[in-house]
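What follows is a set of notes on a single structure, which appears directly below.
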Amino acid sequence: MKKFIIKTLGCKVNQCESEAIRNALVESGRGIASGDEGGADVVIVNTCSVTRKAAMQSRQAVRQAIRANPDARIVVTGCHAQTAAAEMAAIDGVDLIVGNRDKHMIPRRILSQLPEHADGAVPTECSDTDRPGTNRIDQFEMLPAMATGSRTRPFLKIQDGCDAYCTYCIVPHARGRSRSLPMDQVLKQIEQLGRLGYREVVLTGIHIGCYGHDLTPATGLIELLCLIREAGSIDRVRVSSIEPAELSDAIIDLACSGQDQSGRLCPHFHIPLQSGDDGILKRMHRPYSRDDFKARVQRIIGRLPDAAIGVDTLIGFPGETDAAFEHTYDLIRSLPVAYLHVFPFSAREGTPAFTFKDQVPAPVVKKRCARMRRLGAKKRQEFYARHVGKAVTVLVEATRDRISGCLKGFSDNYIPVLFDGSDDLANTFQPVEIKDISADGVPAGVVFDRTTDG
Ligand code: F3S
């Protein structure tokens, strides 16, 4: 049997797309080779380009794949393949480069026959997305892109691309214009996940707040979330990340109501702030101010005091002075943030920020990131500590915690909880009282006597 391996770098959207490719190949009779045993005929590397480091790791992954599978054909796809096709094609041993638009064609290309390149030129199937306005990736690719794998909480890609062109971001160049999976198809795929026994779905996209704007008739994320609730084919829905300006009162209100119903929206919002300094936000081309962000968080907490609010920060953007950094630090410190993702700025060629003169020295960025991460760890512990003595509803995962051997799962407000129980609780909702926080910072709880599963 012919076998393949897929290596995936980058975000949830890339993971969804890799899984879609994997499923299509498996359904067509291809086997999955184990990375250690070798024996793959084809290796697909799904790359990321979000930072210089991610791009470097993508190139490393391609070289490793070639070394470990000398007899396999090597297909390189994803965001780094899209934005640096020539660089990828220059790696000796690469057989085919496929950009994001044609990613969904990969199974078909593999199942027919990969092209030969006897003349030395690596076949490259990438549309031109390099400049704003010249982007031709405008169709929502039709391969059903959901990542289930061993997950209790599968990801479903409902939107791709981005029209925002923040001055630091390579993603619009890599993924093209914003486009959405039509509502009936989202509902169909969620229904399918429900029928397969899944209890929660994580809706993912590149710019999910723009969901539906491109559809005819135009619609929006709130309309979709309301329809998912109405359909009731899955118990819990989570939105992976949403821009502050697009997190409407209606979405927050939806997370407040109907928490005993199917299709309920989790009180968990992951919001990219990037900077808490108005001058930097403007240079980043972010469409909100520090006060707007603060008001959004206060609105959430006013309506949902136990909501998990995760925040992305981008540290060391060109022109970020000590004072500008302190604005970000102070804003996060003053808000009831549950956790923080800290990214160092990485100058990406092709974006305006690449050419900005006032780049921040790397050691300064490193120091600021370390300080932000310490603040993030403190915020996380404070959030968990606030829940000691409280009850949360946990969706129990199929695999136990490796270290303690306990069952584990996430609450609706994204608290990872460990507790004792039997294996047959997997994939059920359990009411768990959080008792304490372990030495390594993980909340531990006990299941109540009664069983809640719905
Ligand atoms: Fe990376 Fe592309 Fe996702 S750049 S983070 S794989 S959108």
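General remarks:
- Residue match in the range 65-77 (condition: out of contact with any helix residue (DSSP H, G or I) (no Cβ under 8 Å at 6 or more places or on another chain) and over 21 Å from VAL122 (Cα atoms)): no
- Top-ranked residue of the range 160-194 - restricted to ones that are in a helix (DSSP H, G or I) and within 16 Å of the ligand (Cβ to nearest atom), ranked as farthest from VAL237 (Cα to Cα): HIS173
- Unique match (being in the same structural domain as THR167 (by TED's automatic domain parsing) and either touching a Lys or Arg at 6+ places or on another chain (Cβ under 6 Å) or not in a strand (DSSP E or B) (or both)) among LEU281, LEU203, LEU215: LEU215
- Flag if ARG333 is surrounded by fewer than 19 Cβ atoms within 10 Å (Cβ to Cβ), closer than 20 Å to SER241 by Cα and either in contact with a Ser or Thr (Cβ under 8 Å, 6 or more places away or on another chain) or not assigned by TED's automatic domain parsing to the domain that holds ILE251 (or both): no
- Among the residues of the range 352-364, the ones that are part of a helix (DSSP H, G or I), out of contact with any strand residue (DSSP E or B) (no Cβ under 9 Å at 6 or more places or on another chain) and surrounded by fewer than 13 Cβ atoms within 10 Å (Cβ to Cβ) come to 2 in all.
- If the condition is being outside any helix (DSSP H, G or I), without any contact (Cβ under 8 Å) to a residue 40 or more places away in the chain and closer than 16 Å to GLU246 by Cα, then the range 284-328 contributes only SER289.
- When the range 236-257 is limited to residues that are assigned to a loop (DSSP other than H, G, I, E, B) and not aliphatic (A, V, I, L, M), the one that is farthest from ASP291 (Cα to Cα) turns out to be SER257.
- Residue check, GLU141 of a type in the set (D, E, K, R), surrounded by fewer than 17 Cβ atoms within 10 Å (Cβ to Cβ) and either farther than 17 Å from CYS11 by Cα or at pLDDT below 95 (or both): no
- Considering the conditions (1) in contact with a strand residue (DSSP E or B) (Cβ under 8 Å, 6 or more places away or on another chain); (2) aliphatic (A, V, I, L, M); (3) buried (at least 20 other Cβ atoms within 10 Å of the Cβ), ALA84 is excluded by exactly one of them, (1).
- Index of the failed condition, VAL26 passing every other in (1) under 25 Å from GLN159 (Cβ atoms); (2) hydrophobic (A, V, I, L, M, F, W, C); (3) free of Cβ contacts under 8 Å to residues at least 24 places away in the same chain: (1)
- With respect to the conditions (1) at pLDDT 95 or above; (2) of a type in the set (Asp, Glu); (3) surrounded by fewer than 16 Cβ atoms within 10 Å (Cβ to Cβ), GLU433 lacks only one, and its number is (3).
- So ASP277, is it in contact with a His (Cβ under 6 Å, 6 or more places away or on another chain) and either buried (at least 16 other Cβ atoms within 10 Å of the Cβ) or not aliphatic (A, V, I, L, M) (or both): yes
- Any chance GLY197 is touching a residue at least 24 places away in the same chain (Cβ under 8 Å), part of a loop (DSSP other than H, G, I, E, B) and at positive phi: yes
- Residue count for the range 219-239 satisfying the condition of being out of contact with any helix residue (DSSP H, G or I) (no Cβ under 6 Å at 6 or more places or on another chain) and small (Gly, Ala, Ser): 2.
- Filter result for GLY276 (assigned by TED's automatic domain parsing to the domain that holds ARG373 and touching a residue at least 40 places away in the same chain (Cβ under 8 Å)): no
- Qualifying residue in the range 344-351 (condition: touching a strand residue (DSSP E or B) at 6+ places or on another chain (Cβ under 8 Å), assigned by TED's automatic domain parsing to the domain that holds LEU314 and not in a strand (DSSP E or B)): yes
The values are calculated or read from the model by the stated rules, or taken from the named source; none is laboratory data. Here the structure is a predicted model, which is why all the values come from computation and not from measurement. A quick note on method: Cβ atoms are made from the backbone with ideal geometry, for glycine too, and the neighbour counts reach across all protein chains shown.
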